[in-house]
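Some notes on the structure that comes next.
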Amino acid sequence: MKELNFNINYIRFDNVGELNAQDRELCEQSVKALDSSYSPYSKFKVGTAIRLDSDQIILGSNQENVAYPSGLCAERVALFSVGVSHPNAKVTSMAITAKTELFEITKPVTSCGGCLQVMAEVEQRQGSEIEVLFYCLGGEILKVKGIQSLLPFVFVEDRLVEGS
Ligand code: THU
């Protein structure tokens, strides 16, 4: 028997003023993405802004449905949109923010496991890591480089091959 552990590095910023200009812009764009959120059921808006290697920014937001599981998170809406409109582009970074009229959000909202799994596959396809910024609107930001740090036991394609 052996006890093992993962070491996860991330950076915490107190506010957007501490970010570099590119990351600040991406956080601001994730706030803009909240406007297109369709979330009448949860009333919980999530916005995502993705920066491509061309520096172009693509937005996404959560889209809900009366048949609840038929909706989709902001991160996946944005990533799948990139897959359609920019299939050969690389995702360099993405920012995620959330807002609700029901209560004050005081900590960055981190992505669900399903979205992390999709981010992990984007990394694998493009052969490079994604920087992820979780932005608490008007407050702190957590910055993580690489999905391995968010989903250490990620399910990857080679697990479908015998002997891996
Ligand atoms: N949601 C996201 O957009 N991203 C996540 O990573 C977690 C949750 C959405 C789904 C649903 O529309 C609302 O937030 C409440 O769960």
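The table below gives the values:
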| quantity | calculated |
| --- | --- |
| Selected residue (criterion: most open to solvent (accessible area, probe 1.4 Å)) from residues of segment 130-139 that are touching a Ser or Thr at 6+ places or on another chain (Cβ under 9 Å) and not hydroxyl-bearing (S, T, Y) | L137 |
| Residue pairs meeting the criteria (Cβ under 6 Å; at least 6 apart or on separate chains; first under 17 Å from T106 (Cβ atoms), in segment 32-50; second within 10 Å of the ligand (Cβ to nearest atom) and assigned to a loop (DSSP other than H, G, I, E, B)) | K45/S37; K45/S39; V46/N62 |
| Residues satisfying the stated conditions in segment 32-78, i.e. near the ligand (Cβ under 10 Å from one of its atoms), aliphatic (A, V, I, L, M) and open to solvent by 50 Å² or more (accessible area, probe 1.4 Å) | L72 |
| Unmet criterion (only one of (1) in contact with a strand residue (DSSP E or B) (Cβ under 8 Å, 6 or more places away or on another chain); (2) closer than 23 Å to F13 by Cα; (3) open to solvent by less than 80 Å² (accessible area, probe 1.4 Å); (4) more than 16 Å from the ligand (Cβ to nearest atom)) for M119 | (4) |
| Subset of segment 86-116 [more than 11 Å from the ligand (Cβ to nearest atom) and touching a strand residue (DSSP E or B) at 6+ places or on another chain (Cβ under 7 Å)] | H86, A89, K90, V91, T92, S93, M94, A95, I105, P108 |
| Test set (1) on the phi > 0 side of the Ramachandran plot; (2) assigned to a helix (DSSP H, G or I); (3) not hydrophobic (A, V, I, L, M, F, W, C) - G138 fails condition number | (2) |
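The values are calculated or read from the model by the stated rules, or taken from the named source; none is laboratory data. Not measured: the values here are computed from a predicted model. Quick reminder, even Gly has a Cβ in these numbers, built from the backbone with ideal geometry, and neighbours come from all protein chains shown. Protein only, heavy atoms only, side chains kept; ligands, DNA and RNA dropped before computing areas. Shrake-Rupley method; radii C 1.70, N 1.55, O 1.52, S 1.80 Å.
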